[in-house]
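The values are calculated or read from the model by the stated rules, or taken from the named source; none is laboratory data. Computed from a predicted model, the values in this text were never measured in an experiment. FYI the Cβ positions are ideal-geometry reconstructions off the backbone, even for glycines, and counts take in every protein chain you see. The protein model used for the area step is the full one, side chains on, heavy atoms only, and it has no ligands, DNA or RNA in it. Shrake-Rupley method; radii C 1.70, N 1.55, O 1.52, S 1.80 Å.
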Amino acid sequence: MPQASLFRQITDFANRADPYPLYEELRKTPVLHEEDGPYVISSYYDIEALLHDPRISSDAANLAAAGDDELSGPEATGLPPSFIRLDPPEHDRLRRIANSSFGPPHRPRRIENMRGELGEIVTGLIDGFGDARQIDLVDEFAYPFPVTVICRLLGVPREDEPRFRAWVDPIVAGLDPDTRTSAESERTAQEARLQLGMYLNGLVEQRAREPRDDMLSDLVNSRGPDGAMTTMEVLSTSVLLLIAGHETTVNLITNGMLTLLRHPEVLARLRNDPGLSVRIVEELLRYEPPVQIVPQRTCIADIELRGVTIPKGSHIWLMLAAGNRDPERFKDPERFDPDREDIQHLGFGSGIHSCFGAPLARLEAQIALSELARRLENPRLVEDPPPYRQNAVLRGPRHLNIAFDGLR
């Protein structure tokens with residue numbers, strides 16, 4: 001395989017169903033730079049080191065100054081950049097405020113306390129399959145589940161959840177490269193962003209007057225040492241939770257069920273032992289990570305890596321999915337093995353930008369997969385491989401048709 005074509009093959013939709021042989025080839029040149037392209041980093045230890053390196057910037061302004069990046073995509077809203085597109089100290093301030101309402105030490109049990117509610121949502125979605133003997137897991141389960149969860153977390157009133165989902169659909173669809181080129185889909189997404197922004201702004205004003213026990217109230221009324229977020233920062237953080245929390249969880253659940261159906265012995269174990277879901281989800285985050293590539297990085301100083309000098313101002317792509325199957329780090333990395341002893345994966349990134357919503361995504365996937373395993377009788381794939389989304393960064397099936405004999 002000619003090395004110069006590797007970069008293009010990885011982003012080519014034709015290879016979306018199984019990019020892993022390309023990642024294996026890529027690791028032979030751990031720092032790959034093709035003409036006019038980014039520096040592509042593919043080994044586990046290099047990726048982990050760079051995720052902790054202060055010479056690597058996530059700031060949207062630095063990315064723009066370095067020139068357009070074909071995988072960076074448009075900003076999801078007209079709001080200021082969320083904290084994942086900022087560097088310290090501003091990143092740290094906003095993330096600390098957000099985290100104080102999301103988890104320890106201020107809200108140590110907020111996510112764990114949602115366990116019962118998550119179980120009810122999952123049960124309702126599975127009951128909704130009714131007498132069907134075939135479903136599209138994406139449209140009928142994996143897609144609606146995380147939107148409902150984010151609504152509950154933020155404090156969106158139940159009666160508004162259908163409206164909320166109607167705005168989210170076109171916005172999330174706009175993340176896929178194949179829809180970006182359509183003027184009609186961009187117009188629809190823009191209108192949805194406007195409607196969602198106006199709706200959230202109204203909710204923010206209401207929570208400022210009448211705080212409740214929800215995350216939006218915490219963000220609006222934060223009184224910690226970092227002060228409060230501005231209204232625009234609250235909106236930006238809410239939309240980040242919504243977009244980032246939705247698409248990654250959809251892919252984690254869908255990739256997870258696809259992998260389990262390809263490994264029926266593990267599916268059978270999960271059916272009899274729901275507690276196994278914890279280890280299964282961790283191995284899935286290594287084996288089939290929902291975020292495959294981190295493309296939005298710029299180096300703000302020259303970096304020497306494996307004898308290659310990456311010049312200041314260069315784009316860097318961190319190939320998380322390649323690092324997750326690096327034989328220098330994981331024994332027998334191409335094998336799906338939930339009994340693996342050491343699953344320190346890159347599925348949620350690492351360093352200051354490690355996934356903010358990881359505790360929630362883990363719990364959602366654990367409950368979803370264990371309940372699907374328990375309740376679907378004799379589930380099987382209708383087609384393998386399924387059709388994939390265009391997106392090379394957020395990789396997952398667009399549809400996953402599953403046949404089964406009934407519901408337990």
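Screening the candidates 343, 367 for the property of being closer than 24 Å to residue 153 by Cβ and either in contact (Cβ under 8 Å) with a residue 12 or more places away in the chain or open to solvent by 70 Å² or more (accessible area, probe 1.4 Å) (or both) yields one hit, 367. Scanning the range 148-189 for residues that are out of contact with any Pro (no Cβ under 8 Å at 6 or more places or on another chain), modelled with pLDDT under 90 and among the β-branched types (Val, Ile, Thr) turns up 168, 171, 172, 179, 181. Exactly one residue among 141, 129 is open to solvent by less than 20 Å² (accessible area, probe 1.4 Å), part of a helix (DSSP H, G or I) and farther than 30 Å from residue 225 by Cβ, and that residue is 141. One residue alone among 244, 189 is in contact with a helix residue (DSSP H, G or I) (Cβ under 6 Å, 6 or more places away or on another chain), of a type in the set (A, V, I, L, M), closer than 29 Å to residue 293 by Cβ and crowded, with 17+ Cβ neighbours inside 10 Å, and that residue is 189. Is it the case that some residue within the range 171-179 is touching a Leu at 6+ places or on another chain (Cβ under 9 Å), within 17 Å of residue 143 (Cα to Cα) and among the charged types (D, E, K, R)? There is at least one residue in the range 171-179 that is touching a Leu at 6+ places or on another chain (Cβ under 9 Å), within 17 Å of residue 143 (Cα to Cα) and among the charged types (D, E, K, R). Which is under 20 Å from residue 268 (Cα atoms) and within 16 Å of the chain's Cα centre (by Cα), of 365, 358, 392? None of the others qualify; the one that does is 365.
Restricting the first member to the range 176-192 and to residues that are at positive phi, and the second to residues that are at pLDDT 80 or above, no beta-carbon pair is closer than 9 Å while six or more apart or on different chains. In this entry, residue 276 passes the filter for residues that are assigned to a helix (DSSP H, G or I), in contact (Cβ under 8 Å) with a residue 40 or more places away in the chain and more than 21 Å from the chain's Cα centre (by Cα).
Pairs linking a residue in the range 294-314 that is under 16 Å from residue 29 (Cβ atoms) to a residue that is part of a loop (DSSP other than H, G, I, E, B) and open to solvent by 30 Å² or more (accessible area, probe 1.4 Å), with Cβ atoms under 6 Å and 6 or more positions apart or on different chains, are 309/302.
When you look at residue 236, is it part of a loop (DSSP other than H, G, I, E, B), among the hydroxyl-bearing types (Ser, Thr, Tyr) and at pLDDT below 90, yes or no? Judged against the criteria, residue 236 is not a match.
Among the residues of the range 199-209, is any assigned to a helix (DSSP H, G or I), open to solvent by less than 10 Å² (accessible area, probe 1.4 Å) and either within 30 Å of residue 13 (Cα to Cα) or modelled with pLDDT under 80 (or both)? Within the range 199-209 (the criterion being assigned to a helix (DSSP H, G or I), open to solvent by less than 10 Å² (accessible area, probe 1.4 Å) and either within 30 Å of residue 13 (Cα to Cα) or modelled with pLDDT under 80 (or both)), the answer is no, since none of the residues qualifies. Scanning the range 326-355 for residues that are closer than 30 Å to residue 60 by Cβ and in a loop (DSSP other than H, G, I, E, B) yields 326, 344, 345, 346, 347, 348, 349, 350, 354, 355. Could you please find all residues in the range 1-50 being open to solvent by 20 Å² or more (accessible area, probe 1.4 Å), closer than 26 Å to residue 397 by Cα, in contact with an Asp or Glu (Cβ under 9 Å, 6 or more places away or on another chain) and not hydrophobic (A, V, I, L, M, F, W, C)? Residues satisfying the conditions are 5, 8, 9, 11, 24, 27.
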